[in-house]
Each structure stands twice: as structure tokens, then as C-alpha cells.
């Protein structure tokens, strides 16, 4: 039986990967010490998700291991001898990184290095999938020619109609401390691939979303927005007139691509991972869509101050992914994504 290690197994992507591979007959070993609760408080707690996975999946085992613990991670990989590794654990917030820079860098950069070195020493032919972020590009996408439309910002130049390619520069821009720590991890994953000829890839995610997201104001755009609408909580728009755009990809489609990569791995690859133009939405458009589902008007306030390093418009160009893995495709459209998140919140908050 094949074995898969998943770090951050209680998080959105980690839990989706756990379920996807366990249902496919893999033995899945999850690593999660619930740092999300430490970062975001009770609303960020993921123990409910670990409990759910443990109850539903016979092939899942969960371990409370801190990826910052270098020796423990190395011995864990040595003893497990995995056939693949998906590294999804991270500190995911711009704002939090500024107030806790050491924790942010230790989790995102050093934790990734610990995982890579343990893999190199004890399992160096194992495909290693790293969940990176589009924030490695910093705020450079904001320097593109943009046009303001009624409900969104969009790229003015045809060259970028399908979105940002992997060749876009990650240098000479403001990333936020979170973005910088993820750049360090991203480049290190590439370097271990090139230098040691290891099968690694970085998935530079846009808005990764889905029904199992513990969305909070500092992280989890759609999940948090939809929760606010359901419970009538005031949502704060931070700058850009609420017309800032993100492309959203369901966690299932992320897990599906990871499966494609593990089945036919490449060395030191980078992929921009998102929903593409068809699954893109602005905050104002998201308000309209969730209101059409719940029948509730969105309660919100507007702040002129945008978040540092925030993107005005970001859409992932998926052409490289589809070229390397032509069998992969987006299966969950935006309407489906909204309905699934909505239904999940209704169950969790007992409405």
C-alpha cells in the first residue's frame, strides 16, 4: 500500500488531500499541531476537521508533530518511508506575519527546509509537492495596466487576459513578510529539485477554497465572506473600492492536480494554481452571488486602507498546468463553490 505524508492535514488543502488519497487506497499520514488556532484563535481551530477525517477514513492516521522540530521531522520521514509528500502546512496571513515575524518565518521557511532536508536524506526519490502562494510575486501585478469596470478591476492588456504566468518576476516588489517567507520556501523547493535532482513542485495558489475552510478575517477570503453573510456580521472591505479580483479554485481540484503530479512527477516545477478567469470574482461580485443564494443583503463597511502587498487583480494563467497534465481540468465552477461553502457553514454553526 502506498503511503502519503500530508502536513497541515487539518487545514483546507491538507484535509482535502487526505480525503482524496485515502479514498483512492493510499495510507495517509497527517501531520498537524493545530498552529492555526494559535495564530487565529478559536475561529481558526482545525481539530474539528482532524476529528472528522479520523472518523470517516480508515486509512488516515493523525500525528501532532511540529514542522519546526527538525530532528522529529527527519526521524518521522525516515520511519514512514513515504511514497509522496504534500507539504500544506503554513502560516497563511499577511497581517499576522507582521506582528509575529519569527513564527511566520520559522513555520513557512524553516519548516519547509526541515521537510525538504528530511526528504533528501531519507526519501529523495519521493515526489514533494509544496503549497506555495501567488504572494511570491509581491505587489508587482499591481503595476500592470488595469482598467476599472463597474464591479471589478481587470487587465487592460490582452497579453494578460488569461492571467499571470509562472515567468512573472518575483523580484523588486513588496511581498509582505508572509510573502517573503513563502518566497524563501518556494525557491528552496525549486533548489532541492534542481540541485539534488528531486521531483519537487511549487503550487503558487491564488484563492484556494472549499467547504472545509476555517475562514477568518485575516485569511480565507470566500469562506469568511460567506460566513459573514449567513450570520449577518459586518464585513470590512479594505481598499480598491471592493473591486479587487481573485480567481478561486476548489480544494478538490487542487487535490486532483496533486494526484496528476505525483503520478507523473517532474523536477523543480512551478505552477500557478487557481480557478482561472472563469472562476474569478471581485468582492462586490461575491456579495451579489452569496446574497442571491441566501436572500440576505451583505452588511459591510469600507476602509480606504488596502492591505499591504494586496493584489488589485490576480488571475492565474493555467496554460502550463494544462500543457504538462492535459487530463487535468477545473471541475467545480464558482456557483458550485459558493453553494458548498454556504452549506458547510450552515452545518457547522447549526443554522
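The values are calculated or read from the model by the stated rules, or taken from the named source; none is laboratory data. On a predicted model such as this, the values are computed, not experimentally measured, just so you know. Cβ coordinates were reconstructed from backbone atoms using ideal geometry, including for glycine residues, and neighbour counts include every protein chain displayed.
Selection of the stretch 38-66 for residues being in contact with a strand residue (DSSP E or B) (Cβ under 6 Å, 6 or more places away or on another chain) and either touching a residue at least 60 places away in the same chain (Cβ under 8 Å) or under 19 Å from residue 109 (Cβ atoms) (or both) yields 40, 43, 44, 65.
The set of residues from the stretch 2-45 being at pLDDT below 95 and either surrounded by fewer than 23 Cβ atoms within 10 Å (Cβ to Cβ) or on the phi > 0 side of the Ramachandran plot (or both) comprises 33, 34, 35, 37, 38, 39, 40, 41, 42, 43, 44, 45.
Applying the criterion of at least 2 residues that are crowded, with 20+ Cβ neighbours inside 10 Å to the strands (runs of 3 or more DSSP E) found wholly in the stretch 236-309 leaves 245-250, 269-273, 280-282.
Conditions tested, residue by residue: (1) over 19 Å from the mean Cα position of the chain (by Cα); (2) over 16 Å from residue 221 (Cβ atoms).
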{"site": "253", "(1), (2)": "no, yes"}
{"site": "265", "(1), (2)": "yes, yes"}
{"site": "284", "(1), (2)": "yes, no"}
{"site": "289", "(1), (2)": "yes, no"}
{"site": "294", "(1), (2)": "yes, yes"}
{"site": "300", "(1), (2)": "yes, no"}
{"site": "307", "(1), (2)": "no, no"}
{"site": "313", "(1), (2)": "no, no"}
{"site": "318", "(1), (2)": "no, yes"}
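When residue 85 is tested against the conditions (1) surrounded by 23 or more Cβ atoms within 10 Å (Cβ to Cβ); (2) under 23 Å from residue 316 (Cα atoms), the lone failure is (2). Just for the stretch 84-137: of the residues that are part of a strand (DSSP E or B) and under 21 Å from residue 171 (Cβ atoms), which one is modelled with the lowest pLDDT? Ranking the qualifying residues of the stretch 84-137, first place goes to 133.
Would you confirm whether any residue within the stretch 183-192 is part of a loop (DSSP other than H, G, I, E, B) and buried (at least 16 other Cβ atoms within 10 Å of the Cβ)? Scanning the stretch 183-192, I find no residue that is part of a loop (DSSP other than H, G, I, E, B) and buried (at least 16 other Cβ atoms within 10 Å of the Cβ), so the answer is no.
Taken over the stretch 310-339, residues that are surrounded by fewer than 19 Cβ atoms within 10 Å (Cβ to Cβ) and part of a helix (DSSP H, G or I) amount to 8.
Of all residues in the stretch 46-65, those satisfying the criterion of being surrounded by fewer than 20 Cβ atoms within 10 Å (Cβ to Cβ), outside any strand (DSSP E or B) and out of contact with any helix residue (DSSP H, G or I) (no Cβ under 7 Å at 6 or more places or on another chain) are 47, 48, 51, 52, 54, 55, 56, 58, 64.
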